[in-house]
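Worksheet: one structure, shown below.
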Amino acid sequence: PPFLANLAKFLPFRYFVSFPLEILLGQISGWQIIEGFTTGTIWIIIFVFLYRQFFRRGIKKYEAVGI
């Protein structure tokens, strides 16, 4: 359905897998490339933020015994 197709355009999987291939194949150019890199960068920032949050929570709960 068109709704899911539009949603899939903004998920991170496109920007890490198909977007570089579309550039190499010449299917996109100009502002679409800038928009794609911007969206990919936003996803990276989101993932780094989530990583830090989960890592901090994990360190608080982790208890090690031994050396």
* Structure fact -> Taking the chain and counting helices only, DSSP H stretches of n ≥ 4 at -39,500 (n - 2.57) each over all residues, the nearest-500 ellipticity at 222 nm comes to -21500 deg cm²/dmol
* Asked: Counting only protein heavy atoms and using a 1.4 Å probe, what share of the accessible area of the chain belongs to carbon plus sulfur, as a whole percent?
  -> 71 percent
* Asked: What is the helix-to-structure angle for 31-61, meaning the angle in degrees between its Cα long axis and the longest Cα principal axis of the chain, kept from 0 to 90 and rounded to the nearest 10?
  -> 10 degrees
* In whole Hz, with x marking every Gly and Pro, tabulate ³J(HN,Hα) for the stretch 16-21 from phi via Karplus 6.51 cos²θ - 1.76 cosθ + 1.60, θ = phi - 60°. => 9, 10, 7, 4, x, 5
* For Lys61 and Thr41, what is the calculated FRET efficiency with R₀ set at 35 Å and r taken between the beta-carbons, to the nearest 0.05? -> 0.65
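Where only protein heavy atoms count, and the probe is 1.4 Å, what is the accessible area per residue for the chain in Å²?
92 Å²
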* If you compute Kirkwood radius over Cα pairs in Å for the structure shown, which of (1) 14.5; (2) 12.6; (3) 11.6 do you land on? -> (1)
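The values are calculated or read from the model by the stated rules, or taken from the named source; none is laboratory data. Remember, predicted model here, so these are calculated numbers, not experimental data. Cβ sites come from the backbone with ideal geometry, for glycine too, and all protein chains shown count toward neighbours. Note: accessible area is taken over every heavy atom of the protein model, side chains too, but ligands, DNA and RNA are not part of it. Shrake-Rupley method; radii C 1.70, N 1.55, O 1.52, S 1.80 Å.
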